[in-house]
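Take a look at the structure set out below.
The values are calculated or read from the model by the stated rules, or taken from the named source; none is laboratory data. Owing to the predicted nature of the structure, the values given are computational and were not obtained by experimental measurement. Cβ: placed from backbone, ideal geometry, glycine included. Neighbour counts: every protein chain shown.
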Amino acid sequence: MELTPNTCVRVNTGSMVPASADAVVQVEDTEVKVSDKHGNELCIHILVTVKSGQDIREVGSDILKGETVLQKGDLITSPEMGLLATVGVTKVPVY
C-alpha cells in the first residue's frame with residue numbers, strides 16, 4: 001500500500017507500516033469525523049502534534065540479539081510460544 005501526503009491508514013499494533021508512512025499516531029490520539037454506512041473511517045482528526053518517525057519501530061528492535069526472553073521455570077503458554085516463535089526458537093527442552 002502506498003500512502004500519499006496527508007493521508008493515513010489504520011494499522012494494528014505489531015503490524016507492518018506502509019513503506020511510505022513516516023509516523024504512527026495512537027488511536028487514542030485520533031477522533032473519527034466521518035464514517036460510511038459500514039463503519040469505515042473516511043476522515044479523522046489527529047489530536048496531537050505528529051513528528052516524523054513517531055512510534056515507528058524497526059524490525060527486531062523490541063528484542064536485542066542475545067537477550068533472555070524466558071527464564072528457567074517459566075510456564076510456557078500461548079503468549080510464550082508466540083514469543084519463542086518471534087525469536088526463531090522452534091525447539092525447547094521441557095522438564
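A few notes on this one:
- In region 43-95, the residues that are in a loop (DSSP other than H, G, I, E, B), β-branched (Val, Ile, Thr) and surrounded by 10 or more Cβ atoms within 10 Å (Cβ to Cβ): 48, 50, 56, 63, 69, 76, 87, 89, 92
- Filtering region 33-64 to residues that are modelled with pLDDT under 90 and small (Gly, Ala, Ser) leaves 60, 61.
- Answer from 33, 37 - the residue that is in contact with a Cys (Cβ under 9 Å, 6 or more places away or on another chain) and either assigned to a loop (DSSP other than H, G, I, E, B) or not acidic (Asp, Glu) (or both): 33
- Unmet criterion (only one of (1) of a type outside the set (A, V, I, L, M); (2) on the phi < 0 side of the Ramachandran plot; (3) under 15 Å from the mean Cα position of the chain (by Cα)) for residue 31: (3)
- For beta carbons closer than 7 Å, sequence separation of 6+ or different chains, a first residue in region 1-26 that is under 18 Å from residue 59 (Cα atoms) and a second that is charged (D, E, K, R), the qualifying pairs are 18/2; 20/2; 23/51; 23/55; 24/55.
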